[in-house]
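A short write-up of the structure that comes next.
The values are calculated or read from the model by the stated rules, or taken from the named source; none is laboratory data. As the structure is a prediction and not an experimental result, all values here were calculated from the model. Here the Cβ is made from the backbone with ideal geometry for all residues, glycine too, and neighbour counts use every protein chain on show. Heavy atoms of the whole protein, side chains included, go into the accessibility calculation; ligands, DNA and RNA do not. Shrake-Rupley method; radii C 1.70, N 1.55, O 1.52, S 1.80 Å.
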Amino acid sequence: MAFTLVAVVAAIATSLLRGGRLGAIADREVGRFGLLITGAVLQVAAVVAIRALELGPGIAGVLLVGSTVPILLWILVHAWVPGAALVLLGLVANALVIGLNGGMPVSGEAAAVAGLSGTPPAGEHVPLTAETVLPVLADVIPVPPIRSVISVGDILLAAGLFPLANHLLGGRRLRPRTPVAD
């Protein structure tokens, strides 16, 4: 979750530095922001409930995947927005591995490289084992600067957030390359 938060802040900051502004969102042909807000609130509530109630992996997985549904719906409605497809792929990849394993599998080796000790929080994460379904989609990529372990889905989501934020905030577009004459 730390990586996603960093990616959201970085995407917004980059768009603002490129001349975007928060008020530009009102000028865009996008709506249903209630879905995004609901999804974000449900994500935080799911993590808080999982930790506070010490919920097991099965129930935790259902809560985590379920809390993603409003965000997925917003992305599907706005699939034409630049970056939306990457965000969708990232969310689906994460939801799939969480749903199939009852929580996000985390590599103990990657966690150690990232500077994390002990086992990941019970419920929302599960240890990566030989029985893990789709281990390639699990949290296996260490990110030591933010003491986190991320997945391919997290990378796809983050990559999509930059063009998505740039579109929503009205930042300058990258100039298209001029073809080189032969």
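Quick notes on this one:
- Hey, residue 32 of a type in the set (D, E, K, R), surrounded by 12 or more Cβ atoms within 10 Å (Cβ to Cβ) and more than 23 Å from residue 173 (Cα to Cα) or not: yes
- For region 108-149, the set of residues classified as closer than 17 Å to residue 61 by Cα and hydrophobic (A, V, I, L, M, F, W, C) consists of 122, 126, 128, 133, 134, 137, 138, listed by residue number.
- Test result for residue 149, loosely packed, with under 15 Cβ neighbours inside 10 Å, of a type in the set (Val, Ile, Thr) and not in a helix (DSSP H, G or I): no
- Whenever a residue of region 98-119 is within 16 Å of residue 154 (Cβ to Cβ), its partners that are open to solvent by less than 10 Å² (accessible area, probe 1.4 Å) and part of a loop (DSSP other than H, G, I, E, B), lying with C-beta atoms within less than 7 angstrom and at least six residues away or across chains, give the pairs 103/123; 104/138; 105/138; 106/138; 107/138.
- Extreme residue, surrounded by the fewest Cβ atoms within 10 Å (Cβ to Cβ), among residues of region 57-94 that are small (Gly, Ala, Ser) and free of Cβ contacts under 8 Å to residues at least 40 places away in the same chain: 79
- Per the listing 51, 21, the residue uniquely within 25 Å of residue 100 (Cβ to Cβ), of a type in the set (Lys, Arg) and in contact (Cβ under 8 Å) with a residue 24 or more places away in the chain is 51.
- One residue from 105, 57, 82, 70 being touching a Gly at 6+ places or on another chain (Cβ under 9 Å) and more than 29 Å from residue 12 (Cβ to Cβ): 57
- Wholly enclosed helices (runs of 4 or more DSSP H) of region 23-109 bearing at least 1 residues among the charged types (D, E, K, R): 33-52
- Boolean, residue 64 is closer than 22 Å to residue 159 by Cα and of a type outside the set (Phe, Trp, Tyr): yes
- Yes/no for residue 21 being at pLDDT below 90 and open to solvent by 70 Å² or more (accessible area, probe 1.4 Å): no
- Filter pass, residue 168 being modelled with pLDDT of 95 or more, among the aliphatic types (A, V, I, L, M) and either within 23 Å of residue 102 (Cα to Cα) or outside any loop (DSSP other than H, G, I, E, B) (or both): no
- Residue match in region 34-45 (condition: in contact (Cβ under 8 Å) with a residue 12 or more places away in the chain and in contact with a strand residue (DSSP E or B) (Cβ under 9 Å, 6 or more places away or on another chain)): no
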